[in-house]
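See below for the structure under consideration.
Every number here is computed from the coordinates shown, using simple stated rules; none is lab data. Quick caveat, the model's predicted, so the values are computed rather than measured. All Cβ positions, even for glycine, are placed from backbone atoms using ideal geometry, and neighbour counts span all protein chains on display.
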Amino acid sequence: MDKKGHRGLRKNWQQAPLARLLARLAKGGVIVELGCGKGVLLNHLYKGTQEGAKLPVYGIDPYQPYVGAAAGGIYGPKTREALLRNLKAFGMEGRVSIIQERAEDVAPSWTRPVALLWVDTGQPYDELAPILEAWQKHIVWHGLIGISALWYDKRVHVSRLPDFLRPFGFRRRLCQQRHVVVLWREAGSDSTKD
Ligand SMILES: C[S@@+](CC[C@H](N)C(=O)[O-])C[C@H]1O[C@@H](n2cnc3c(N)ncnc32)[C@H](O)[C@@H]1O
């Protein structure tokens, strides 16, 4: 693994085991990461499902110049270069699908049921909420959503996203820390899923 990939791995170490565990448990759909960046967490999602249901894994990221509102990280074409290096280093080349578009542009035409949606776009609440609303429609009953990087930005209060997603059936809070929240969609709830 190269130096840059290693830096990314260290930054995400707390979320990595959680992402891997969730991917191992996920079934009945595909796994999608919004904001797959350098592919560090994507690697853990991929490895996790290899230990479980071996679901298809997708990473979505526009790789356009972008300053993360939350962490202030700078992303863009160089991030994509790091992704390509990491796909090779982690043995994911040709085994995961990368969609180079914005999450909000992909959602309307997405057709595959999602068992686990991992969100790491680093956006503030006002930008993230409509993206979550668009993507929750694709998550299966008993599906999981993990939203990370919440701690970076005071505008992204941990408590706001679970409250926002509750009317859509995400009533079970499986995990909540400063930097990540994981919600489970209960079957049979009166969600507005259409
Ligand atoms: C914190 S980084 C993700 C790090 C990544 N999870 C990893 O493990 O390497 C945030 C990423 O979100 C992406 N991003 C920003 N806006 C986005 C959007 N609207 N849709 C999808 N991805 C977006 C950025 O391009 C950036 O690569």
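What the table below lists for this structure:
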| quantity | calculated |
| --- | --- |
| Sequence-distant residues sharing a close amide H with Val119 (under 5 Å, placed H) | Leu34, Gly146, Ile147, Ser148 |
| Selection of trypsin sites (Lys or Arg not before Pro), the range 78-149, meeting DSSP coil and at most 14 other Cβ within 10 Å | Arg95 |
| Amide hydrogen neighbours beyond the local backbone of Ile99, cut-off 5 Å, H modeled | Gly59, Ile60, Asp61 |
| Relative packing of peptides 167-174, 33-40 - highest average C-beta neighbours within 10 Å first | 33-40, 167-174 |
| Label point distance in nm, Lys27-Lys88, each placed 7 Å from Cα along Cα→Cβ | 3.7 |
| Interchain or long-range residues, amide H under 5 Å from Arg172's placed H | Trp184, Glu186 |
| Surrounding net charge for Pro56, when Lys and Arg each add one and Asp and Glu each subtract one, Cβ distance under 10 Å | +3 |
| Estimated distance in nm for a label pair at Ile74 and Ala53, the labels positioned 7 Å out from Cα along Cα-to-Cβ | 4.1 |
| Inter-probe distance in nm under a simple model that places probes 7 Å from Cα toward Cβ, at Phe164 and His142 | 2.8 |
